[in-house]
Amino acid sequence: MHVHRTVGDVTRRIAKRSASSRKRYLERLAAAARKGPARGELGCANLAHGFAGAGEVDKDALRRTTKPNIAIVSAYNDMLSAHKPLESYPAALKRAVTGAGGIAQFAGGVPAMCDGITQGRAGMELSLFSRDVIAMATAIALSHDMFDGALLLGVCDKIVPGLLIGALSFGHLPTILVPAGPMTSGLPNNEKSRIRQLHAEGKVGREELLDAEAASYHSPGTCTFYGTANSNQLLMEAMGLHLPGTSFVNPDTPLRDALTTAAGERIPRLTAQGEDPTPIGEVVDERAVVNGVVALLATGGSTNHTMHLVAIAAAAGIELRWSDFAELSAVTPLLARIYPNGQADVNHFHAAGGMAFVIDQLLDAGLLHPNTRTVTGSPFAEAYRCEPALDDGELVWRQAPRDSLDKTVLRGTADPFSPDGGLRMLTGNLGEAVMKTSAVAQEHRLVEAPARVFDDQEAFLAAFDAGELSGDLVAVVRFQGPRANGMPELHKLTPTLGVLQDRGQRVALVTDGRMSGASGKVPAAIHLTPEAATGGPLALLRDGDPLRLDAETGILEVLVDGGELESRDPRATPEPAVGTGRELFTAFREAVGAADAGATVLGFDGDR
């Protein structure tokens, strides 16, 4: 199968710049690999500790070191809808692993916080850092030299990237990501959005707003809009780390249960003792990373992955840059319209053809690498064009529909919603930023207007409530980067900015903070780096400075003479807040890297 010239060029460029770090990473994998179970090298007291709590049958197998032992690492908690279904997974997976000739132990849990709950609250300042905490917790769970493979249970925003980064530090172990699926569809997204804007204008009260939100988020499973959680699932499938078609099957259904069992049955076969050894560090190579980027772009996925994918790649010794996203975006057509980039939710997307259709189309266009390794044991193109089904209770995979079943939601590469992807990179004298364009109408992609400058989103909302935001404007919300306060998402801005735009004002947002999958119809230059807290030009802006944001040409600039700008004293960085655990993350804020380097505190390849 052919590979598009740009996809091939970008992949080769990534491989070339990553040659040294990738080589060192693979050498570490080879050094960590064992011909037999690693627990065979433990001292007797060490090994006895490792199986003391097991049942008699498992204890005997662990003692003899003849069967592969699989670690289960889970983000289960029963507060978060996306992770509630995971409660029953460990027992089901243990049965499946045992039936396939292995053993499984629950190795550890990782924290799982919800950005939807912490929006606009102090806890949101811990959100991005939780990814690196999860990576560390995953590494701790796998650190006992008891395991020959891993099953990772998680779904939401920072959790899947954290689990994957942690697993890549044990890249010699085979690993399968096991998701839970989205909740069934609730209140239509256009109605939810309408009520949110009415509440922002003071036209409906809290009770009506809460009724709408409760009808939207109503049962166990992932939120159905296409934010970071569902982008995570798409990426794991596009990178060959899920079983095919696993991403968007609803919880508590026979097919979901069968897919979970299949993951448990598959993992022993991927171990060094199995017939198809497949270390995760070899699955996640330059081609798999590019496949993830292309799938994200083709569906208008979450902007958070301009950071998460960079950090994931770095954990595998691969240097991914924002310029790679931009170059791939230019040749990747937009195939999906999923809220907030359309009115459909992920259930509608799945019913219209879903992942198998998208992958089939992108492979035929040469936009995905067809021969990457996967957890199925088959090359990517062979396995991931298929979707799962039950045939008389037996799990089978069948060819996906070759035509979309709903072209308002999902289209092929011959008739895309847009000829290019859903992300743009902006550059100029303010630095570099990311913009999600898939939901922004053409007429709103160029805004030139005076700045209104705020140091947090509460100040912006107060100005709106006071009626101070009249006329065209570019809202600048700064000191929201990783070094300043952990880079919280600024979702509370979305309804208000939408109100201003609907009034006929030309508006845009510029921030060193995050918007994630909630980036919608208002043009938003986000993740701006260098951030204000590290002396970036954003700290020099003043009310009234003319700003130009042009998504078509990729320009973000302040139209002020350079000499005048440099003569200004930067606005002092606000003191970091304390309380709600924020003081515990002082070391993270001091050590964190820039957004375009993954916004991570973790050291990869000994580079910190």
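Quick rundown of the values:
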quantity: Over segment 221-264, relative contact order from alpha-carbon pairs under 8 Å, at least 6 apart, %; calculated: 26
quantity: Relative exposure of Arg39, Arg95, Arg483, judged by other C-beta atoms within 10 Å (fewest first); calculated: Arg95, Arg39, Arg483
quantity: Mean separation of Cα contacts under 8 Å (6+ apart) over length of the chain, as relative contact order %; calculated: 15
quantity: Normalised contact order of segment 423-574, rounded percent, pairs of Cα under 8 Å and 6 or more residues apart; calculated: 33
quantity: Mean projected area (nm²) of the alpha-carbon convex hull when segment 423-574 is viewed from all directions; calculated: 7.9
quantity: Compactness index (Cα Rg / 2.2 N^0.38 Å), segment 281-402; calculated: 1.11
quantity: Alpha-carbon spread of segment 48-127, three principal axes, descending order, Å; calculated: 53, 24, 16
quantity: Shape box of segment 354-489 [Cα atoms, principal axes, largest first, Å]; calculated: 63, 34, 33
quantity: Segment Arg5-Ala577, length gained on full extension (0.36 nm per residue, minus Cα span); calculated: 201.1 nm
quantity: For Ala463, net neighbour charge (Lys/Arg +1, Asp/Glu -1) across residues whose Cβ lies under 11 Å away; calculated: -3
quantity: Of Lys23/Lys67; Lys158/Lys436; Lys84/Lys407, pairs whose Cα-Cα distance is over 25 Å; calculated: Lys23/Lys67; Lys84/Lys407
quantity: Calculated FRET value between Arg398 and Thr253, using beta carbons and R₀ = 25 Å, to 0.05; calculated: 0.90
quantity: Part-to-part distance (alpha-carbon centres) for segment 270-312 and segment 426-465, which is given in Å; calculated: 31
quantity: Neighbour-count order for His444, His49, His491, His83, fewest beta carbons within 10 angstrom listed first; calculated: His49, His444, His491, His83
quantity: DSSP beta bridges in the chain [antiparallel fraction, %, rounded to 5]; calculated: 45
quantity: Gap separating the Cα centres of segment 329-399 and segment 172-219, nearest whole Å; calculated: 24
quantity: Per-selection metrics, the chain (Cα): Rg and Dmax in Å; calculated: 23.8, 76
quantity: Dipole magnitude of segment 452-533 about its Cα centre (Cβ charges: Lys, Arg +1; Asp, Glu -1), debye to nearest 20; calculated: 220
quantity: Spin-label model distance (nm) - Ala45 vs Gln343, 7 Å beyond Cα toward Cβ; calculated: 6.9
quantity: The chain - mean residue ellipticity at 222 nm from DSSP helices (-39,500 (n - 2.57) per run, n ≥ 4, rounded to 500); calculated: -10500 deg cm²/dmol
quantity: For segment 80-92, Karplus couplings with θ = phi - 60° (6.51, -1.76, 1.60), whole Hz, Gly/Pro x; calculated: 8, 4, 5, 9, 4, x, 5, 3, 8, 5, x, 5, 5
quantity: Charge dipole of the chain about the Cα centre (unit charges at C-beta), most positive-ward option of Ala298, Leu153, His491; calculated: Leu153
quantity: Electrostatic dipole magnitude of the chain [Cβ: Lys, Arg +1; Asp, Glu -1; Cα centre; debye, to 20]; calculated: 1240
quantity: Fewest-first sequence of Ile280, Ile117, Ile267 by Cβ atoms within 10 Å of each Cβ; calculated: Ile117, Ile280, Ile267
quantity: Cβ charges +1 (Lys, Arg) and -1 (Asp, Glu), total dipole of segment 241-336, debye; calculated: 180
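No lab work stands behind these numbers, since they all come straight from the coordinates. Bear in mind the structure is a predicted one, so any value in this text is a computation, not a measurement. All Cβ positions, even for glycine, are placed from backbone atoms using ideal geometry, and neighbour counts span all protein chains on display.
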